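Rule-based calculations on the coordinates, nothing more; no lab input. Values in this document were obtained by computation on a predicted structure and should not be read as measured data. Every residue, glycine as well, gets a Cβ built from its backbone with ideal geometry; the counts of neighbours run over all protein chains shown.
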Amino acid sequence: MSARTRPPLRVALSLALGAAEVRLRLRFPRLMWALTRTPAENGAPFDELVRLESDPAYRALFFAELDASLDDRFATRTAVVEEIEAAADRLRALIACGDDERAA
């Protein structure tokens, strides 16, 4: 192969490593399965729901935290809306001043 048609070193190494991985997976499937990362298994999906329904103290705590986070979220949204309205009022004032200067 000439220097012009040879792929860059990084590409060649990537291709070689990919081919080696395929050969290893075919030759040693159990070893490759053991070396491959697997996602952690989740617990039962309804454990917290069962606890909410069966434990009144946990339910009260859960709903209190939920109400507090909803109130916090609403307060944050209200503050953001007020900031946007204040910025819009400042822009309107700037535009009104600019129109007065142009008219004069």
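In table form, for the structure just shown:
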{"quantity": "Dipole axis of the chain (+1 Lys, Arg; -1 Asp, Glu on Cβ), positive-most option in Phe74, Pro8, Leu52", "calculated": "Pro8"}
{"quantity": "0 to 90° range, to nearest 10: angle between helix 9-27 axis and the chain longest Cα axis", "calculated": "70"}
